[in-house]
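Note sheet for the following structure.
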Amino acid sequence: MRPKEVPVYVFAGFLESGKTTMIKELLGDPEFTEGEKTLLVVCEEGEEEYSEEFLRRSQTVQRVVESSEELTYGFLARTNKAERPDRVMIEYNGTWPLDHLLQMELPAGWGIAQIISPVNAQTFDLYIKNMRQMMVDQLSAADLILFNRCTEETPVTVYWRNMKMINRVAMLIFEKEGGDVIEVKGEDILPYDLNAPVIEIQDDDFGIWYVDAMENPARYEGKTVHFTGMAYREPNFPAGYFVPGRFAMTCCAEDMQFMGYLCKSKVAEKLKRDAWVDVTAVVHHEEMAAYGGKAPVLYAKRVASGHKPEKEYVYLY
């Protein structure tokens, strides 16, 4: 007999990011709970708590975990056997590595359905500047990132662009006090003019262009772009191709990765590796063996010696 499927919802984020509020809203919604039993594993206790009355009314059993060492397969398996929940919600601790949970064996039938990362828009800048690695850890695996407590002064488009560089696939929602959602339209988030004869990609905007061209290839099909990048070429590249790109840092120097697109150019084989080049090229979305599928391919109009940017690396925030 197969064990029943138990969806696990993980709420990741720093203290006072809004995890408890979001969980309460979901558990208070009869259409979500459907009269079923919920196991709530709380790994971080903030100012807002779950009252006994609320837990009883929402048919929720709460278990508190004081340290990451207590959050083990054995603990979850014992709790599952004792409670037999229909769903599990884990209010995770923002200072614990998320991989501790994601790499853990789960009880039979359990499966992570969604990772949700609420973010307090009013404290986001402070945390990302001082706790970048922990913040990125919480956001990079999320399926949904919800910026709450937004105001008219919140730089929504800036946050949108940079979150997309940290996590390309997550759904992003920006919510004001009271629940009103701020709409962000696709082209509004771009710092360059898509309708210009030549789209000028500034040094600091390379990462934004790279991500957007991958996600929205139709925007760039047949258009000309101009940017500065570092020349990169491997022996297994097709003849006449190189990659002009940039090194990107997600959270620390150890997490560096090179990002760029194949570029067809008659000078490809002549370029010195790691030389900075000024590239003007037409973009097409094509299938290439090197990609293992379709992705942007650049057809160079001009490749010349370029300047080394003031900021050599692209920060994915």
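Just so it is clear, none of the values below were taken in a lab; they were calculated from the coordinates. Small disclaimer: the values here were computed from a predicted structure and weren't measured. Cβ sites come from the backbone with ideal geometry, for glycine too, and all protein chains shown count toward neighbours.
For this structure, a couple of remarks:
- Ranking Pro235, Val283, Gln62 by Cα position along the charge dipole of the chain, where only Lys, Arg, Asp and Glu carry charges on their C-beta atoms, puts Pro235 farthest toward the positive end.
- Loop GluC sites (Glu not before Pro), segment 190-287 (other Cβ atoms within 10 Å of the site Cβ: 14 or fewer; DSSP): Glu221
- Ellipticity at 222 nm from helices only: DSSP H runs of n ≥ 4 in the chain, each -39500 (n - 2.57), divided by the residue count, give -6000 deg cm²/dmol.
- Against the chain, whose longest principal axis comes from its Cα atoms, helix 73-83 is set at around 40 degrees.
- Cα gyration tensor shape of segment 16-92, rounded if a/c is under 1.5, else prolate or oblate by comparing a/b with b/c: oblate
- Beta bridges from DSSP with both residues in segment 6-186: antiparallel share about 5 percent, rounded to the nearest 5.
- Three-way shape label, segment 212-311, alpha-carbon gyration tensor, a/c 1.5: rounded
- Three-way shape label, segment 87-181, alpha-carbon gyration tensor, a/c 1.5: prolate
- Within the chain, antiparallel bridges make up roughly 45 percent of the DSSP beta bridges whose residues both belong there.
- Residues of type lysines that Lys24 reaches as a straight line, Cα spacing below 24 Å, ignoring anything fewer than 8 places off in the same chain: Lys37, Lys176
- At q = 0.23, 0.28, 0.31 Å⁻¹, base-10 log of I(q)/I(0) for segment 190-232 (Debye sum, equal scatterers on each alpha carbon): -0.80, -1.15, -1.32
- In order along segment 165-177, phi translates into HN-Hα couplings of 7, 7, 8, 6, 9, 5, 6, 10, 10, 10, 10, 7, 4 Hz, rounded to whole numbers, per the Karplus curve 6.51 cos²θ - 1.76 cosθ + 1.60 with θ = phi - 60° and x for Gly and Pro.
- Think of each Lys and Arg Cβ as +1 and each Asp and Glu Cβ as -1; about the Cα centre, that makes the dipole of segment 1-103 roughly 660 debye.
- Kirkwood Rh, angstrom, the chain [1 / mean 1/r, Cα pairs]: 22.1 Å
- Values of log10 I(q)/I(0), in the order q = 0.09, 0.14, 0.18 Å⁻¹, for segment 1-150 under a Debye, Cα-only, solvent-free model: -0.27, -0.66, -1.10
- Cut-off 18 Å (backbone N to label point 7 Å along Cα→Cβ of Gln122), residues of segment 1-43: 14-22
- Here segment 254-317 and segment 152-226 have alpha carbon centers that stand 20 Å from each other.
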